[in-house]
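Here the structure is laid out as structure tokens; the discussion comes afterwards.
We did not get these values from a lab; they are worked out from the coordinates using the rules stated. Just so it is clear, the model here is predicted, and its values are computed rather than measured. Glycine also receives a Cβ, built like all others from the backbone with ideal geometry; neighbour counts cover every protein chain displayed.
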Amino acid sequence: MEKTLNWREFIITRAIKASGYSAIVFVALIFFFLLREGLPALVEVPLSTLFSVRWYPIESYFGILPLITGSIIVTIGAALIAVPFGIGTAVFISEIAPRWLREIIKPLVELLGGLPSVVLGFLGILVLSPFLRRFLDLPTGLTAFTGSLLLGGIAVPTVVSIAEDALDAVPRSYREGAWALGATRWQTIWRVTLPAARSGVLTGIMLGIGRAIGETMAVMMVTGNAPVLALTPGSLFSPARTMTATIAAEMGEVANASVHYHVLFFIGMVLFIISLIVNIAASSVVFRSKKRAERVLS
Amino acid sequence: MNKIVIENLSLQYSDGTESLRDISMSIRTNAITVLFGPAGGGKSTLLRCLNRLNDLTEVKAVGGQILLDGENILDPGTDTIALRRKVGMVFARPVVLPMSIRQNLTYGLELAGEKRKSRLDEAVERSLKLAAIWEEVKDRLDDPAIALSGGQQQRICLARVLALQPEVILLDEPTSGLDPISTGKVETALQELKKEYTVILVPHSVQQAGRTADYAAFFLQGELVEYNDGKSLFTTPKDKRTEDYITGRFG
């Protein structure tokens, strides 16, 4: 009797342990695979070509800088839109909206988060980009800015959903404490509720930006896909091409193990490293700025 | 002198429960007025009317009026922010804000627009001393307030209210989570405070009510059963229900 119980215990703990470690193993395997397929690019293409500004694979120009800047500018644009809107919406839902309204908005926002990005891409091509072209008087509506708007829209529900949960979890007594001191609603939100929910709000932002960096379909449909080096803010309003879109568009038509193929994997590696850096940076911000007191609390 | 005059105050929550029924009473300056009675009697609701904290919960109907220095604070035009600075409140569970001890104290003042560091430091020291906690925390004002013990946190909350120099202090079972020693410290602090302020206390036990009350009001199911000076009410209650409750026959 005792023996079987011990066995069951043993098997279950091992199974849980194994599934935990498997996450690490999978990340390691993926990274290994990327390295194996991507590193040959460093040998086959001279570094000066790889880090040049011309991407034209057919003629063996493999400069990935425009792709990197394209991804960065689109993502920054998206973050600038998604963060204020997302936090604003989350604050509205959790702190300001009356209960009945909140019960309508929250599910709607979450539904928005579940929309396939291709569908949003349609909207981008058919509605957003013609509108922007006319409204901003641009030669084309397919620009990095269009992509940013769309990506911002895609990231907002993620930010809202997680940030709202965090705000909602702040004990009511905190707010009452601040109100009783004569704080206005806004002062309470800004100085008490938001700081108390900080780690949750930052997680929301991080996941939202993560979603924006990795998004492919919608971006490929609306950014125009011109591999142009984007260095000035003005290039936000010209076409751009992101790393993800490049991989998605070209992977299907390259010869296996060709130079182009290796370079695409190399781009994947860069993308992987960038999102790793973003994640580490974000979580270190979350953990470092959390004082001992708040760790005890949360 | 009467600081607060409550006239025919009634209150109903949105779910239909009636919390206060036709309450009329006057509350004196420089005294501790104790509101006591079994749970659900409306004591906390009454306290929350006095600084309009009920505005933020689901209240259906409020009737009657509350005059603070002759002005009806239930008037929709009342500046609730200014009111809450004048009528401070300490809660049952100490709610220190997620900041340092010093910031907890200066927070209310900063909200009120005070920026001068000397003034803030002065207020920190004065109010910590009044709340009988200065000696315990003076060397670590920049530590997070959460790290303090429950009893210390509660006195920080009291000090935080005092820093605003209110005129009325509302305390909603301020010692319910505290050990006897901390409770004693808070009660002693209250005796000092009444010299300058109007103190209204919801005690967490009849014993505490008896110990602290200059005036006492007994609440039962939303009704003010009896209101008298503390001594008479606890030694010769006029109402049978008050007597039963004090002697521990119910509640």
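Charged side chains reduced to their Cβ positions (Lys and Arg at +1, Asp and Glu at -1) give chain B a dipole of some 360 debye around its Cα centre.
Projecting the Cα positions of B:Leu233, A:Phe145, A:Thr232 onto the charge dipole of the protein assembly as shown (unit charges on Cβ atoms of Lys, Arg, Asp and Glu, taken about the Cα centre) puts A:Thr232 furthest along the positive direction.
Among A:Thr140, A:Thr203, A:Thr242, the residue with the largest mean-square fluctuation in a Gaussian network model of chain A, with springs joining Cα atoms closer than 10 Å, is A:Thr140.
Packing order of peptides A:247-258, A:120-131, highest average first: A:120-131, A:247-258 (average count of other Cβ atoms within 10 Å over each peptide's residues). A cut-off under 9 angstrom between Cβ atoms defines the neighbours of B:Leu53, and their net charge, with Lys, Arg +1 and Asp, Glu -1, is +1.
May I ask for the angle, rounded to the nearest 10°, between helix A:198-214 and the longest principal axis of chain A, with both axes built from Cα atoms and the value confined to 0 to 90°? With rounding to tens, the tilt is 20 degrees. Counting only alpha carbon atoms, the long axis of helix A:65-91 and the longest principal axis of chain A meet at about 20°.
Taking a straight line from the alpha carbon of B:Lys60, not one of the lysines sits under 16 Å away once near neighbours fewer than eight places off in the same chain are left out.
When you count the other C-beta atoms within 10 angstrom of each residue and take the mean per peptide, A:60-69, B:151-160 line up highest first as B:151-160, A:60-69.
Within the range A:39-297, the proportion of C-alpha pairs whose separation exceeds 26 Å stands at 49%.
Inter-chain neighbour count for B:107-113: the average number of beta-carbon atoms from partner chains within 10 Å of each residue's beta-carbon is 4. When the C-alpha to C-alpha distance is required to be over 18 Å, the pairs from B:Lys86/B:Lys194; B:Lys86/B:Lys185; B:Lys86/B:Lys117 that qualify are B:Lys86/B:Lys185; B:Lys86/B:Lys117.
Summed over qualifying helices (DSSP H, 4 residues or more, each -39500 (n - 2.57)) and divided by its residue number, the protein assembly as shown shows a 222 nm mean residue ellipticity of -17000 deg cm²/dmol. Of the residues A:Ile16, A:Ile76, A:Ile277, the one that moves most in a GNM of chain A with alpha-carbon contacts below 10 Å is A:Ile16. The packing ranking of peptides A:51-58, B:165-172, highest mean first, is B:165-172, A:51-58, where packing means the average number of other beta carbon atoms within 10 angstrom of each residue. Placing +1 on the Cβ of every Lys and Arg and -1 on the Cβ of every Asp and Glu, with nothing else charged, gives the protein assembly as shown a dipole about its Cα centre of roughly 700 debye.
Each of A:Ser161, A:Val74, A:Trp7 was scored by the projection of its Cα onto the charge dipole of chain A, and the greatest displacement toward the positive side belongs to A:Trp7; charges sit on the C-beta of Lys, Arg, Asp and Glu. Relative to the longest principal axis of the Cα atoms of chain B, the long axis of helix B:117-130 lies at roughly 50 degrees.
With all pairs of different C-alpha atoms in the average, the Kirkwood value for the hydrodynamic radius of the protein assembly as shown is 28.1 Å.
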